[in-house]
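Where a number appears in this text, it was derived from the coordinates with a stated rule and is not lab data. None of these values were measured; they are calculated from a predicted model. Because the Cβ atoms are built from the backbone with ideal geometry, glycine has one as well, and the counts that use them run over all protein chains shown.
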C-alpha cells in the first residue's frame, strides 16, 4: 500500500535549508544558520540584542578586531544515552555573526550581558562624533552654536 504525503517535499526542503535531521543519533549536524538580532539607537548608544537560547554563557565570545564586531557562541548537542530520536529540530553547534563597526563607536566601552537566552550589547557613540556646542565670540556678546 502506497501512502501519499503532500507535505513530504516541503519537509525535505525545510530540512535541507535549515540543516535539520532526525537527531544526533543519525549523525546529522544541525548547524545554526543565523542568529536573529535587533539593533536600535537609544540616546548616546546603539543597542544590539541577539537570541541565543540554550547557549552556555561561558561559550560566548564577543570581540572587535579591525572594525569588525564578532559574536560567537556554542550550543552543544543534547546527549541522551540510549535515546531513539523521533524529531530533532533544535540547532546545535557554533553561531557566528559579524558586523562592521564604524569609527563613530567607542569600541573600548562596549558592554555585554546575557540574560534568559538573550545577548545584549551596548555600543556607545564615540565622544568625537557626538554633537557639541561651541561658544562663538562676536565682540562682547558670545553666542553658542551647534556643530555636527
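Overview of values
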{"read-out": "Extension reserve of the residue 85-residue 138 stretch, reckoned as 0.36 nm per residue once the Cα distance is removed", "value": "11.1 nm"}
{"read-out": "For the range 51-131: rounded, prolate or oblate by the Cα gyration tensor [a/c cutoff 1.5]", "value": "prolate"}
{"read-out": "For peptides 45-56, 75-86, sequence by mean Cβ density within 10 Å, most packed first", "value": "45-56, 75-86"}
{"read-out": "Computed label-point distance, nm, for sites residue 42 and residue 107 using a 7 Å Cα→Cβ extension", "value": "2.4"}
